[in-house]
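Step one of this worksheet: look at the structure below.
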Amino acid sequence: SLLDRTLASIQHQSLAPDVVYLWLPRERFAEEVGDYRFSGVDVRIGADLGPAMKLLPVLDIESDPETLIITIDDDVEYPPGLIERLVTASRQHPDQAIGFTGWVFDPQTSATSIVHLNASTPGSTQLQAVHVLEGYRGVLYRRRFFERDIWDHQEALSEFRFHDDILLSGYLGSRGIGRLVRWYGADPQEEPYHWQLNGEHIGLHTTVGWLERGKSCVEYWLRRDAGVFGFVEPLGLSLVRTADRGAGDSD
């Protein structure tokens, strides 16, 4: 019931995507997708992976290592410059995953305590390295960031069904791929008005034990490599609009 508004916000982007995939879990929908048609959207059926479903099945379709994949949630209305600003940042930092909000661990408190970096943080046009990118505001990846072994981690811990952000950022950290956030607008105080979150009270984050499952996901990565999330510090870089997008680009 919320999807139309999300799709409308993507279809009115200043930089249009080449394709929009919508993944429906076969455990909850009929195998025939004919009843779920949306203009300009490639609707597909797959196994129910939880929120990681917005990325993992795409990896089997898109094979060009430089293809840009932007994941979004299905219950958020996105600002019109979302794709263009992520692509601009990715051109400047092609070896980094990039989003608009995320968090870092606070070792002064405990291994799994966090400091949240989002709209309330000053420096709205700066890039900031984070440990975990939050998916609900949109995240840009390059296809080459992922190998087939991402599925092994997804299947190894059932709690990842509730915390795809930690699954994906932990995986990137294990491969030495950085994660950056930037702020959408010029004024951090205006940030909350750029996004309309329609599913705030119905998401997986409202389920019992959600926080404990998140800690289990963090500990999963730390058991494999205590330094997987590493030290981060502000890059102090400002973004500018670029006009280098040519007709031959295929982002």
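Of all residues in segment 141-161, how many are under 19 Å from Ile72 (Cα atoms) and of a type in the set (Ser, Thr, Tyr)?
Count: 1.
Scan Gln96, Gln13 and give me the residue that is under 20 Å from Leu127 (Cβ atoms) and either at pLDDT 95 or above or in contact with a strand residue (DSSP E or B) (Cβ under 7 Å, 6 or more places away or on another chain) (or both).
None of the others qualify; the one that does is Gln96.
Among residues belonging to segment 104-141 that are at pLDDT 60 or above and surrounded by fewer than 19 Cβ atoms within 10 Å (Cβ to Cβ), point out the one that is farthest from the chain's Cα centre (by Cα).
So, considering only residues that are at pLDDT 60 or above and surrounded by fewer than 19 Cβ atoms within 10 Å (Cβ to Cβ), the one farthest from the chain's Cα centre (by Cα) is Asp106.
Does segment 26-33 include one or more residues that are open to solvent by 30 Å² or more (accessible area, probe 1.4 Å) and touching a residue at least 24 places away in the same chain (Cβ under 8 Å)?
no
Taking the conditions exactly as written (farther than 30 Å from His201 by Cβ, open to solvent by 50 Å² or more (accessible area, probe 1.4 Å) and not in a loop (DSSP other than H, G, I, E, B)), does Arg44 satisfy them or not?
Considered against the rule, which asks whether it is farther than 30 Å from His201 by Cβ, open to solvent by 50 Å² or more (accessible area, probe 1.4 Å) and not in a loop (DSSP other than H, G, I, E, B), Arg44 comes out as no.
The values are calculated or read from the model by the stated rules, or taken from the named source; none is laboratory data. If you're wondering where the values come from, they're calculated on a predicted model, not measured in any experiment. Positions of Cβ are backbone-derived with ideal geometry, glycine not excepted, and every protein chain shown enters the neighbour counts. Quick note on the areas: whole protein, heavy atoms, side chains included, nothing else; ligands and nucleic acids left out. Shrake-Rupley method; radii C 1.70, N 1.55, O 1.52, S 1.80 Å.
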